[in-house]
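The values are calculated or read from the model by the stated rules, or taken from the named source; none is laboratory data. All values reported here derive from a predicted model rather than from experimental measurement. All Cβ positions, even for glycine, are placed from backbone atoms using ideal geometry, and neighbour counts span all protein chains on display. Only protein heavy atoms, including side chains, enter the accessible area calculation; ligands, DNA and RNA are left aside. Shrake-Rupley method; radii C 1.70, N 1.55, O 1.52, S 1.80 Å.
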Amino acid sequence: MAVIAAAQATDGGWTWDQTAALIVPFIALFGAFLTYALNQRAVRKERRAKTFAEALTAVEEYLEMPYRIRRRPKSSSTVRQQLTDEVSGLLAWMAFHQAWLQIEASAVAGPYATLVATARAEAGAQMRLAWDQPPITTDSGMNLGVPYPRDRSNAARAECIEVMRSHL
């Protein structure tokens, strides 16, 4: 019986061993490709999440500027220059993120632009008021009491985050 099976295999018949020898490498290759594709997807998702977080951080830092201006230690050209340079840097940083989002995730660029415009309008007016206040010279003066309102910026941020979540 074994002689007949061996004879059939050598006579050009196809065996399960030969089929398995062809299928196993294809399965291994498919598994490696699937693992690579899933890893790349995870890396892209992580990179996009980091991009979104950095863009939101830039807006948050800009929204904090009225507090920094109000809590300035003294009124001097050096302090004014430092704070205005910081504001300018944040504006450039937000513009950078707007451009990056237009390239990287265009569906998110619109809500982010709305967030930036809203934050600039809210915080810009608050910064003007903060500059009109005298510098704080006491520890107790650091407690401003009432926070600057951010209702419109918070609503725009919530909408932007929702769009960002759907594009991760």
Subset tally (residues that are among the small types (Gly, Ala, Ser) and more than 27 Å from the chain's Cα centre (by Cα)) for region 53-98 = 3
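Going by the structure shown, is ALA92 surrounded by 14 or more Cβ atoms within 10 Å (Cβ to Cβ) and not charged (D, E, K, R)? Please lay out each step first, then the result.
Numbers: surrounded by 14 or more Cβ atoms within 10 Å (Cβ to Cβ): no; not charged (D, E, K, R): yes.
No: the conditions fail for ALA92.
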Where a residue in region 18-44 is free of Cβ contacts under 8 Å to residues at least 60 places away in the same chain and over 29 Å from LEU168 (Cα atoms) and its partner, wherever it lies, is exposed (fewer than 10 other Cβ atoms within 10 Å of the Cβ) and among the acidic types (Asp, Glu), with Cβ under 6 Å and at least six apart = none
Please identify the pairs in which a residue from region 139-168 that is among the β-branched types (Val, Ile, Thr) has its Cβ atom under 7 Å from the Cβ atom of a residue that is part of a helix (DSSP H, G or I) and surrounded by fewer than 15 Cβ atoms within 10 Å (Cβ to Cβ), counting only partners at least 6 apart or on another chain.
-> VAL163/ALA107
Tally the residues that are open to solvent by 80 Å² or more (accessible area, probe 1.4 Å) and in contact with a Ser or Thr (Cβ under 8 Å, 6 or more places away or on another chain), restricting the search to region 135-156.
-> 1
Determine whether region 75-88 contains at least one residue that is open to solvent by 50 Å² or more (accessible area, probe 1.4 Å) and touching a Pro at 6+ places or on another chain (Cβ under 6 Å).
-> yes
Looking only at region 12-57, which residues are of a type in the set (Asp, Glu) and open to solvent by less than 100 Å² (accessible area, probe 1.4 Å)?
-> GLU54
Of the residues in region 95-134 that are of a type in the set (Phe, Trp, Tyr) and closer than 11 Å to ALA55 by Cα, the one that is surrounded by the most Cβ atoms within 10 Å (Cβ to Cβ) is TYR112
